[in-house]
1. Considering only the range 307-323, state which residues are in contact (Cβ under 8 Å) with a residue 12 or more places away in the chain and exposed (fewer than 14 other Cβ atoms within 10 Å of the Cβ).
2. Scanning the range 75-117 for residues that are open to solvent by 40 Å² or more (accessible area, probe 1.4 Å) and touching a residue at least 60 places away in the same chain (Cβ under 8 Å), which turns out farthest from the chain's Cα centre (by Cα)?
3. Sort out which residues of the range 274-288 are in contact (Cβ under 8 Å) with a residue 12 or more places away in the chain and either of a type in the set (S, T, N, Q) or in a loop (DSSP other than H, G, I, E, B) (or both), and write them in order of number.
4. Would you check if there is a residue in the range 133-147 being crowded, with 18+ Cβ neighbours inside 10 Å, of a type in the set (A, V, I, L, M, F, W, C) and part of a loop (DSSP other than H, G, I, E, B)?
5. Looking at the range 213-239, I want the residues that are closer than 27 Å to ASP127 by Cα and have a partner that is open to solvent by 60 Å² or more (accessible area, probe 1.4 Å) with Cβ atoms under 6 Å, at least 6 apart or on another chain. Which pairs are those?
6. Would you confirm whether or not the range 337-349 contains a residue that is modelled with pLDDT of 90 or more, open to solvent by less than 30 Å² (accessible area, probe 1.4 Å) and not aromatic (Phe, Trp, Tyr)?
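The values are calculated or read from the model by the stated rules, or taken from the named source; none is laboratory data. This structure is a prediction, so every number in the text was calculated from the model and none was measured. No Cβ is skipped: glycine too gets one built from the backbone with ideal geometry, and neighbour counts run over all protein chains shown. What goes into the accessible areas is simple: the full protein's heavy atoms, side chains included, and nothing from ligands, DNA or RNA. Shrake-Rupley method; radii C 1.70, N 1.55, O 1.52, S 1.80 Å.
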Amino acid sequence: MMRKSRENSAVRLFILDNVEKHPSNVSRMAMEQFALSRNAINGYMRRLVNEGLLEPTGNTKARHYKPKPIVYEMFTIELFAGLPEDIIWRHRIAPLIKNVKQNVIDICQYCFTEILNNAIDHSASKDALISYTQTYKKISMMVIDHGVGIFEKIRKDFNLVDPRAALLELSKGKLTSDKQHHSGQGIFFTSRMLDDFNIRSGYLFYTRERLKDDEWLIETEDKPKYEVGTAISMDIYINTDRTTREVFDKYQGADLSFRKAHVPVKLGKYPGEQLISRSQAKRVLARFDNFTEVILDFNGVPDIGQAFADEIFRVFKNEHPDIAILAINTSPEIKKMIGFVGAYDKEQKG
């Protein structure tokens, strides 16, 4: 009897863990994983539906499943200068949260208020659409404004060539056009506290998804123009043990200053291009002098050119010896190229 109970629990957990990414074939996946019949798996699906954990759509042959919201709320607020974002949190979002650990509530509060504050201060939008969804697995929050668009705003404020360059700068952190009122750290820390963080604005879609061992899947995608302004969605798993302090400590120095940057190098690429030139390297290197340590993450970049590597790992390093640059997720080809420019540097100095 105990063995059967454990098997039932494992099947249920497998379905609940996989249904969101595999809404149409999670039943087949469970059949294969546990060597159970279609009728047996259908029994599990029915029970999960009856318990209010899953929601079915479509007919029997085209049945899809998704997590059923325990809580769902959507509302519009007026945006104006001086609107206290903490009041919106306290009166409209916090009361919706059900049976969640304090560390998750703290992360939700930090992320929601940071993103709403950005919309209030920077979007030039008259209103914002806000949604809160909670399932058995995660909390999802969304803030949509009807303003100028986050990437276009950054492009104009910093005189950048295009919105894609704005995305690269945003990912580094410490980016603000109003240093008196903003540190430029909000989106940087928000995107790293969550399990999934997405920005849709203009023609760009940016997503940052937490994987195992604190690794990240970071993607950008060109899409048809988003006419609304900016839509930011934030997801966090309810069972996480992560804390706001843990994330702050990872990027702050002993004096609590924001000193470390983690830069996805792939954001320096344009569609169809390879990272080969010095001008591309200088775009990646922009504002590195704001940090004492920079982690260059080459995940998704198979190779780099000699001029690109030389500009970063010889020229810049020699001109800024007080800034530590660490390359991670490097392919054998990239390691070889970094080693090549390093050997050349030693030869010139020797």
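1. Within the range 307-323, ASN318, ASP322 meet the criteria.
2. Looking at residues that are open to solvent by 40 Å² or more (accessible area, probe 1.4 Å) and touching a residue at least 60 places away in the same chain (Cβ under 8 Å), I get LYS101.
3. Just the residues of the range 274-288 that are in contact (Cβ under 8 Å) with a residue 12 or more places away in the chain, to begin with: 274-278, 280-288.
Listed by number, the residues that qualify are GLN274, ILE276, SER277, GLN280, ALA286, ARG287.
4. No, that holds for no residue.
5. ASP222/TYR203; LYS225/TYR203; VAL228/HIS146; GLY229/HIS146; SER233/MET142
6. Yes, there is a match, as at least one residue in the range 337-349 is modelled with pLDDT of 90 or more, open to solvent by less than 30 Å² (accessible area, probe 1.4 Å) and not aromatic (Phe, Trp, Tyr).
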